[in-house]
Amino acid sequence: MSSNDGQIDRSDPQLPPAAYASNVEALFSDKTSLLIGAAAATCMTAVTAVETGRMSILAISLTLCLVGFVRLRSMVRFASLKDGLDEPGLRRWERWYVVGGTAHVGLLGCFCLAAFAEGDPFARLASVAGVMAYLVGIPGRSFASTLLVNTQIAAAAVPLLLAVLLADYQYLWIWFLVFLPFLVALKTISSRLRGIFLSAVVRAHELSRLADRFDTALNNMPHGLAMFADDGTITVTNQRLAELMGLSSQDLATRTSLNQLWAMCTSGAADRRLTPESLRADFNSSADRSTELVLPMSDGRTIAFRRQTIGAGGGVLIAEDITDRVRALEEVAYLAQHDVLTGLCNRRSFMDRVGETLAVQPPAHSALLFVDLDHFKSVNDSLGHAVGDRLIVEVARRLEAVVGETSVLARLGGDEFVVFGAFADDADGPASMASAVITRLSAPFELDGHEVVIGASVGIAPVQGRADVDTLLTDADLALYSAKVGGRGSVQFFQPAMQAEAHARRELEDDLRPALGRGEFEVHYQPIRSLREDAFVVCEALVRWRHPRRGLVPPSDFIPIAEEIGLIHELGAWVLSTACRECASWPSHIGVAVNVSAVQFRHGDVLAQVTQALRTSGLAAARLEVEVTESALVDDVQATGSLLRLLRDAGVGVSLDDFGTGYSSLSYLRALPFSKVKIDRSFLDGAEVGNRAMLLLEGIARLSDALGMTVVVEGVETPEQLKLIATLGCIEQVQGFLFSRPMTADLIQAVLSPITPAKVA
């Protein structure tokens, strides 16, 4: 907008193209006034030509008619083309209009000049009247173009000035001087009208652009929106609301009230009892400015409606699809109560549900069963965690089938499950359920082409007046521990004495942790005698714990605890190092045998420990034997076998200890690189010539001997047993109290140096 006349020019950078287009359209919009003006000018000039008889005026009349016709045709043409015109095209049309309008006024000015030259009073009056009449219309017709206004005023003023110069009437000069301010006023009025028009066009364009932005924002909202008046009439909606309602924009436009909107909501609601009236009542019942209503729909979606009243009256209704949010909250709530892997109750849910049952009078024979899987860890380690997870899921399904819907089943984590069973009239119900659980879980599982066999141990804590879930879990866990110690795959009921045992075990555990650092452990040695050489050839290293208060604690009491708390790795490495160091001081033909537990094989670096012990002690590898129990093999035969081969390759002897207990399998003798087999003392019990025990002992011994392994029989305590063994001829070494009890390092050193052969009786 210029600073001097208040108008907006098309060259003004603030004038948008759309406003300039409106400006040009304004020039071509008034065909009626153009037609009337052109007809009036033509008629007036024609009458004057007839009255004066001047051909020049007649020519002007005909030209005016032609110019008017051309301008009228151009208006019609512009109307058909204006929607497709760009800015350069609009400029061309504006220039064409300026030419036509200026020509029209210029012809009237020429008419005035011809009339004054004729000197006829009528002609002069008619010409001046025509020019003045046309000039008065300039602000109304031509204000949209400053150039057109200027050229039309000039086209009228110049001929009039020439006419005054040609006239012999001096007062015409006074009239002309008065006429000039009139022309200035015309220009000023035109400029002001143009400024007002263009300001209105720009404002309308800005409002239209703002409305487009508002409409774009409204229809791209993630929420549906409806604005309504005090009487419930809907005034504004967006496309998202139509989508949420399952309608097209046209269909939504026909719903003009909140009542109709409530009717649509209830027709698609999951709760068929809802009515438009009830929804309206729910909203209107709240005195708050903001009200929310969550509505589950029959198609599974959940839509939340929020009403916000506004100060001017009426309000805004926001509709939001909160299906994902509701499902996420439901999933969070589900996960807070259920185990992710199996879908069973988790610890928290189990505690809550059982706690509620205990808060009232539970059935007489209710009990909590604590189930722990046998050999699960070996499956998980050997076949991978994916198979382990599959196994846990299959176990959960089997447990669900066994315990039924009346019991509460949960997974506490890992391979631990708990069941709370309510047995109203069946005192044997808990034991029967536990037995069924073990039977069902002991059946083979088919998992990804693998046949997996596990088992389960169960501890049972009868309710018997206990009203505390934590106490039940603790008691059942104690019973489970007792079941696992007594032999896997068994059931054990909680006994009060178990608490004292657990307390004692915890005290022992507390004392065990610092025992190694305090130097409380000792290595004792029990020699193994060669029947062929009639002399001691190997000593088995046996760890002992000399407790400051309890005295000498047997390995059976502290080794399982050391395995549980992870101390066995450090303790085992110490025993291995100590045994190798002390063996290095014995006669060179005497070796030492060190037992390595299953836990060490699963989680420790046995090969590195053996290598380190041999290097630091200087002991020859051939003088060291590593004893492996069958429990170390059953967890992962392949991995253990690979480690044993590495030990054999290093020159270390490998013995299968306590053969015949636990998981005896003759396939171990064939598949694994043992150099020695130690037959458990249980085969000597009741062994006589020709009986079953003797046949088993002889069969194992001969098979091992045939496979190139040295055979050792443990637990020889009487001369009769020694004679019986000697008659077989395939047993090379014996060990037992008949020859020596375990001795301290000092005593074994004295016994071995010098070695005095003892004849076999």
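Counting only residues that are in a loop (DSSP other than H, G, I, E, B), within 60 Å of the chain's Cα centre (by Cα) and modelled with pLDDT under 90, region 690-739 holds 3 of them. Are any residues in region 514-533 surrounded by 14 or more Cβ atoms within 10 Å (Cβ to Cβ) and farther than 22 Å from V712 by Cα, and if so, which ones? Result: A515, L516, E520, F521, E522.
Out of G109, G89, G130, one residue alone is assigned by TED's automatic domain parsing to the domain that holds F182, in contact with a Ser or Thr (Cβ under 8 Å, 6 or more places away or on another chain) and outside any loop (DSSP other than H, G, I, E, B). It is G130. Of all residues in region 394-430, those that are surrounded by 15 or more Cβ atoms within 10 Å (Cβ to Cβ) and over 24 Å from P462 (Cα atoms) total 1.
Looking at the structure I just gave you, is R506 modelled with pLDDT under 90, surrounded by 17 or more Cβ atoms within 10 Å (Cβ to Cβ) and not hydroxyl-bearing (S, T, Y)? For R506, the condition - modelled with pLDDT under 90, surrounded by 17 or more Cβ atoms within 10 Å (Cβ to Cβ) and not hydroxyl-bearing (S, T, Y) - is not met.
Considering only residues that are assigned to a helix (DSSP H, G or I) and closer than 18 Å to M743 by Cβ, which ones fall in region 581-633?
Once the filter is applied, which keeps residues that are assigned to a helix (DSSP H, G or I) and closer than 18 Å to M743 by Cβ, region 581-633 yields R581, E582, C583.
For region 189-246, a tally of residues being part of a helix (DSSP H, G or I), touching a residue at least 12 places away in the same chain (Cβ under 8 Å) and under 39 Å from the mean Cα position of the chain (by Cα) returns 9.
Select, from A579, A608, the only residue that is out of contact with any Leu (no Cβ under 7 Å at 6 or more places or on another chain), crowded, with 17+ Cβ neighbours inside 10 Å and either assigned by TED's automatic domain parsing to the domain that holds I748 or touching a residue at least 24 places away in the same chain (Cβ under 8 Å) (or both). Only one candidate passes the filter, namely A579.
Mind checking which residues of region 323-348 are under 30 Å from L293 (Cα atoms) and buried (at least 17 other Cβ atoms within 10 Å of the Cβ)?
Going through region 323-348, the residues under 30 Å from L293 (Cα atoms) turn out to be 323-338.
Scanning region 323-348 gives a single hit, H338.
The condition (being closer than 25 Å to R488 by Cα, more than 35 Å from the chain's Cα centre (by Cα) and either in a helix (DSSP H, G or I) or not assigned by TED's automatic domain parsing to the domain that holds S642 (or both)) is satisfied by just one residue among A396, A431, A410, A401: A431. Only one of the numbered conditions (1) farther than 22 Å from V354 by Cα; (2) surrounded by 14 or more Cβ atoms within 10 Å (Cβ to Cβ) is violated by D475, and that is (1). In region 504-533, the residues that are more than 30 Å from I725 (Cβ to Cβ) form Cβ pairs under 6 Å with partners that are of a type outside the set (G, A, S) and surrounded by fewer than 15 Cβ atoms within 10 Å (Cβ to Cβ), at six or more places apart or across chains, as follows: E520/R546; E522/R546.
The values are calculated or read from the model by the stated rules, or taken from the named source; none is laboratory data. Keep in mind the model is a prediction, meaning the values are calculated, not measured. We place every Cβ from the backbone using ideal geometry, glycine too, and count neighbours over all the protein chains shown.
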